[in-house]
Amino acid sequence: LVPKATVIAVIVNPSGTPIESRVQKLQETARTMGLQLRLLNATNEQEIDAAFATFVQLRPGALLVDSDVFFNARRAQFVALAARHAVPAIYEVRDYVAAGGLMSYGASLAEAYRLAGTYASKILNGAKPADLPIMQSTKIELVINAKTAKALGLTIPQSLLLRADEVIQ
């Protein structure tokens, strides 16, 4: 959606789940793609506001909001700040996009919940949790908010629209 972006900001929560390996993979991928990453830390609501202020000063081409439970609980704040500062942002779960965010790409929460239900059913039917195999969602969703893209002045390529699992109008 932002083909001319050469610098991407990433907001991470350094006190959340271990992020070192994710950040390292992001940096490796960015180098491979010829992009530069700017890490912004946020551990509370005020630091989220400060991270967006820093984003505006740095003027990168786009924003990636890292996966974090704390961030998910503050999705309205992220979406509002991204809209206020006209930031093209991508998130991991569709809930941000449903709330007005630009786009998300990540595991399907509905699929993850279905798998959790399968585990619960097996345990309730007598299976020992330690004997159950590890299961993880294999359905990855791309969700795009066309209204937000238009507000940001972005044209969604037809090829991306065709790949999207959902386009919110």
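The values are calculated or read from the model by the stated rules, or taken from the named source; none is laboratory data. Just so you know, these numbers come straight off a predicted model, no measurement behind them. Neighbour counts run over all protein chains shown; Cβ positions are idealised from the backbone, glycine included. Quick note on the areas: whole protein, heavy atoms, side chains included, nothing else; ligands and nucleic acids left out. Shrake-Rupley method; radii C 1.70, N 1.55, O 1.52, S 1.80 Å.
Numbers for the structure displayed
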{"read-out": "Residue, surrounded by the most Cβ atoms within 10 Å (Cβ to Cβ), within the range 83-101, restricted to residues that are within 19 Å of Ala53 (Cα to Cα) and within 13 Å of the chain's Cα centre (by Cα)", "value": "Gly101"}
{"read-out": "Qualifying positions in the range 107-129 - of a type outside the set (A, V, I, L, M), under 23 Å from Val97 (Cα atoms) and part of a helix (DSSP H, G or I)", "value": "Glu111, Tyr113, Arg114"}
{"read-out": "Extreme residue, farthest from Asn145 (Cα to Cα), among residues of the range 59-76 that are modelled with pLDDT of 90 or more and surrounded by fewer than 16 Cβ atoms within 10 Å (Cβ to Cβ)", "value": "Phe70"}
{"read-out": "Test: Leu142 is modelled with pLDDT of 90 or more, farther than 21 Å from Ile19 by Cβ, open to solvent by less than 50 Å² (accessible area, probe 1.4 Å) and in a loop (DSSP other than H, G, I, E, B)", "value": "no"}
{"read-out": "Residues of the range 102-122 satisfying the condition of being over 17 Å from Arg74 (Cα atoms), open to solvent by less than 50 Å² (accessible area, probe 1.4 Å) and of a type outside the set (Asp, Glu)", "value": "Gly106, Ala107, Ser108, Ala112, Leu115, Gly117, Thr118, Ala120"}
